[in-house]
Each structure stands twice: as structure tokens, then as C-alpha cells.
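I have placed the structure first, in the form of C-alpha cells, so that the comments after it can refer back to it.
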Amino acid sequence: MAKPRAPRRTLDSYTVKHINKTIKASDCVLMRPSDPSKPSYVARIDRIESDARGANVRVHVRWYYRPEESIGGRRQFHGSKELFLSDHYDIQSADTIEGKCTVHSFKSYTKLDAVGNEDFFCRFEYNSSTGAFNPDRVAVYCKCEMPYNPDDLMVQCEGCSDWFHPACIEMTVEEAKRLDHFFCENCSSEGQKKLQNSHSTSRQPDTKVETKRRRRGQSK
């Protein structure tokens, strides 16, 4: 007769001794990959459980995929810290946890002053069987009609308020950073008129065209 399975209990939290960090459900963690040459896996903890003695701790996780792990692969607009929340669930030993991390919403990530080693962002859920994404479309910008990659510098047109990559408007990044004003091709004629009519206004001379790009920082 088979020995009855020992009951397991759910833990509210657990301190991973080898990293001296306390984890709980909904935390995001870095997990040891099977191939040491690959970056750490990223997962969201759904539940923590142990045996009746509080040992043999396991975590129920939902995996995040990196763009290169998806069926379509990495594309130009995918950020270096971008992850997809997948439908792939798993159970792993708590001993495989290498550290804690933060997976921000896309909006929150773009507002960070600096990006640390443990900062990531997610704007898509990913179906690992079909390769489908949710949402299946996002806003696009520039002449190239690509979604925003927060690693790339973009400049904003003062006329239509659209954002453009310097390369798409035949400009270097350094040139873009020095712009005082920018109007895209469609707005350039009207924009020049506005500038001529604004010479007598009180706008400060050191005002620069708005640009956006996330800054990479050190681990917090």
C-alpha cells in the first residue's frame, strides 16, 4: 500500500537564507537558470508552501519570458529590460531563488529617473502555445510606425506632438539633444510661421525640444 502523501502548508512569507531576503506571494524574483551562461529567469510568486515541519519550501510561480524566448523573437521596439507575463506556471524549490526584482508597468518604468539591475517592465501578456499577445496592439510613433522602446531617444514635434527617432529624421542622437525646436515634415511650414510670430514672446531662450529616454543606473 502506498504511503499517504504528507500534507503541505501554505506560507505567508519565507526568508531565503542564502540571499537574506524575505519573499511573499506577488513578489517578483530572479531564479537560477538551468544553463549558467544564460541570464536569471524572472518569475512572479503565486504561492509559497512547505512540508509540515516548515522545510522543503517550494514556490508556485508564473514565468516571465524575455522577447528572445517568444515565438516571434526579439524585435526592434523591445526594450532591453522588457518581459512578457506568460501563461506558463511551474513549481520550483525556493533554493533556486537568486534575488528579488521589480517588474514595473510600462507607464511606471518610463517615469523612473534611473533603471537598476533589478528593474524590468512588462506591457504584454504572452500565450506560450500560440505566440499571441495581450493587448495585441499598442500605440505606434514616428515615420517608422513602431511602438515606443524606452531605451531609444526620441524627439517630439511641437506641431503634431508625435515622437520621432533621430535616425528616422536623418539626425544623429547628439544633434537631437541640441535641438531648440523641432517640427516634423508635415508640420514644418506651419511650425516656421509659429516660430517667426513667437520671437517677441517671453519663452526662455534655453528651452529645448522635449526628448525622452530612460537612464540606466546602478542596482538599488
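Just to confirm, what accessible area per residue do you get for region 83-124 at 1.4 Å probe, in whole Å²?
I get 44 Å² per residue for region 83-124.
Specify the inter-centroid distance of region 164-184 and region 4-51, based on alpha-carbon positions, in whole Å.
46 Å
Anything over 32 Å Cα to Cα? Flag those among Lys107/Lys143; Lys24/Lys177; Lys21/Lys111, in the order listed.
On the way: Lys107/Lys143 23 Å; Lys24/Lys177 43 Å; Lys21/Lys111 26 Å.
Beyond 32 Å between Cα atoms: Lys24/Lys177.
Tell me, Kirkwood radius of region 80-166 from alpha-carbon pair distances, in Å? Please report the intermediate quantities before stating the final value.
Values: mean 1/r = 0.0648 Å⁻¹.
For region 80-166, inverting the mean 1/r across all distinct Cα pairs yields 15.4 Å.
Of all the accessible heavy-atom surface of region 54-153, with the other protein chains kept in place and a 1.4 Å probe, what percent is carbon and sulfur? Each step should come with its number before you reach the end.
Numbers: 2220 of 4900 Å².
Carbon-and-sulfur percentage of accessible area, whole number: 45.
Determine by what factor the alpha-carbon radius of gyration of region 11-144 differs from 2.2 N^0.38 Å, reporting the quotient. Kindly include the intermediate steps, with their values, before the conclusion.
Details: Rg = 16.1 Å, N = 134, 2.2 N^0.38 = 14.1 Å.
Compared with the compact-globule rule of thumb, region 11-144 sits at 1.14.
The values are calculated or read from the model by the stated rules, or taken from the named source; none is laboratory data. Just so it is clear, the model here is predicted, and its values are computed rather than measured. For accessibility, only protein heavy atoms count, side chains too; no ligands or nucleic acids. Shrake-Rupley method; radii C 1.70, N 1.55, O 1.52, S 1.80 Å.
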